[in-house]
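The next block holds one structure in the form of structure tokens; read it before the comments.
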Amino acid sequence: MIEPTPLLAAYRAVVCDLDGVVYRGSQAIPFAVSALAQARGFVPVTFATNNASRHPDEVAAALCSIGLETRGTDVLTSAQAGAARLARDFPAGTPVLAVGGPGVAAAVAEAGLTPVTGGTDAPAVLQGWGREVTVGDLATASIAVARGARWVATNTDRTLPTAAGLVPGNGTLVAAVREASGGRPEVVGKPSPDMLHEAARRLGVALAGVLVIGDRLDTDIAAAVGAGIDSLWVLTGVHGLADLAGSAFTPTYAAADLRAVHQSPPVVARDAMTWTTSGLTARVNEGATGVEIDSWGRPDIPDPNALVALGFRVLVDLRGDGCPAERLAVLGESFDASLHCAVAEQ
Ligand SMILES: [Mg+2]
């Protein structure tokens, strides 16, 4: 009997997103910790986060607290990617105005540049989010940028989710500097592929051998598409199959959870408007609003990863057929609802 080949076997390294993939708040996402710990037996894993405010050691400590032993060197923040970009173009020791949390100044220093927090003469500005950022800091950055300083923003996520609600994210603070200075920042966080290039460089692997894992189509998957490499989209975070309908970015694989990296990607067969994979069939009827999903073989609880692979393939195929986005969104919602039930029952 031929052993099935796990998805991971085709790759030399993994670059994995954090929020919505490994944890949500302080809670570990089901199966993520064990799947990633096991994956490290085969390939190195770098955790790449757009959050520039925290030092990599602090991010590593958060991963350790949910049972995933991690060192700061396993973490890549957008602040590090931004500092690396500046270090390519400025000589060692060049002063860089570091606007943001402690992670921003630390990244500048780690890259061999000199972080400064005041004065408008620095030839470069690295701007990331930080709880301590003041109007004075934004003023200093605006004047430096208006005077011609090179300006790199770690990311432009407009908002930041907190327990109390959405608060201004780095994109909003960057917008303030842009309005005041008339400048335009270079952005290195996802969806820019910069972080993937930097992660591959640090790991010493060719970019083509990297698998990107993420939960957001517009950042993680967009970055992988931009870099021209494969991605695994997991539905444990922000986006569901219904979101694929309006997305310009399509992952290589889709899964319900990270157990998928150790499974062989389900083979989905299509016959007209019927799609079949291990123990599951989906029938899409002309004119019907939803989709009929039957499980057979082991009918009680559909395997969530097979269900997502099936839904993903149905949506990608129908999009290829020219199916309108509104209809795809409705079909995606049917699969998302079935997945919700399957996950609740497992
Ligand atoms: Mg995420």
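No value in this document is a laboratory result; all are computed from the given coordinates. Owing to the predicted nature of the structure, the values given are computational and were not obtained by experimental measurement. Positions of Cβ are generated from backbone atoms using ideal geometry, with glycine treated the same way; all protein chains shown enter the neighbour counts.
The chain: D in µm²/s via Stokes-Einstein (Kirkwood Rh, Cα pairs, 20 °C, 1.002 mPa s)? Numbers along the way, then the final one.
Working: Rh = 21.3 Å.
The estimated diffusion coefficient comes to 101 µm²/s.
Output ³J(HN,Hα) for the stretch 237-242: one whole-Hz value per residue in order, computed from phi by the Karplus curve 6.51 cos²θ - 1.76 cosθ + 1.60 with θ = phi - 60°, and x for Gly and Pro.
x, 6, 9, x, 4, 4
Which value in Å is the Kirkwood Rh of the stretch 1-160 over different Cα pairs?
Values: mean 1/r = 0.0587 Å⁻¹.
One decimal place: 17.0 Å for the Kirkwood radius.
Mind sorting VAL45, VAL14, VAL174 by how few other Cβ atoms lie within 10 Å of their own Cβ, fewest first?
Numbers: VAL45 21, VAL14 24, VAL174 27.
Going from sparsest to densest Cβ surroundings: VAL45, VAL14, VAL174.
Let me know the volume per residue of the alpha-carbon convex hull for the stretch 104-182, in Å³.
92
Taking the beta-carbon count within 10 Å as an exposure proxy, list PHE312, PHE31 from fewest neighbours to most.
If I rank by nearby Cβ atoms, fewest first, I get PHE31, PHE312.
Between VAL167 and ALA10, what length in nm is gained on full extension when 0.36 nm per residue of separation is reduced by their alpha carbon distance?
So the chain would gain 52.5 nm between VAL167 and ALA10.
Is the shape of the stretch 267-345 best called rounded, prolate or oblate, per the rule: a/c under 1.5 gives rounded, else a/b larger than b/c gives prolate, else oblate, with a ≥ b ≥ c the square roots of the Cα gyration tensor eigenvalues? If you can, show how the numbers build up before the last one.
On the way: a/c = 1.93, a/b = 1.45, b/c = 1.33.
Prolate, since a/c reaches 1.5 and a/b exceeds b/c.
As a footprinting exposure proxy, order SER34, SER65, SER295, SER192 by other Cβ within 10 Å, with the fewest listed first.
SER65, SER34, SER295, SER192
If we sort 36-43, 213-220, 327-334 on the protection proxy, mean other Cβ atoms within 10 Å, highest first, what's the order?
Taking the mean over residues of other Cβ atoms within 10 Å, the ranking is 213-220, 327-334, 36-43.
Who wins for biggest fluctuation among ASP321, ASP157, ASP137 in a Gaussian network model of the chain, springs between alpha carbons below 10 Å?
ASP321
Dividing the alpha-carbon Rg of the stretch 66-148 by 2.2 N^0.38 Å yields what?
That works out to 1.14 for the stretch 66-148.
Quick check: residue separation of SER264 and GLU179 times 0.36 nm, minus the Cα distance between them. What number comes out in nm?
Details: separation 85, 0.36 × 85 = 30.60 nm, distance 4.95 nm.
Between SER264 and GLU179, full extension yields 25.6 nm more.
Of the residues LEU315, LEU207, LEU160, which exhibits the maximal mean-square fluctuation in a Gaussian network model of the chain defined by a 10 Å Cα contact cut-off?
Taking springs between Cα atoms under 10 Å, the residue moving most is LEU160.
Give me the extension gain from ARG327 to ILE66: residue separation times 0.36 nm, minus the current Cα-Cα distance, reported in nm with one decimal.
90.0 nm is the gain from fully extending ARG327 to ILE66.
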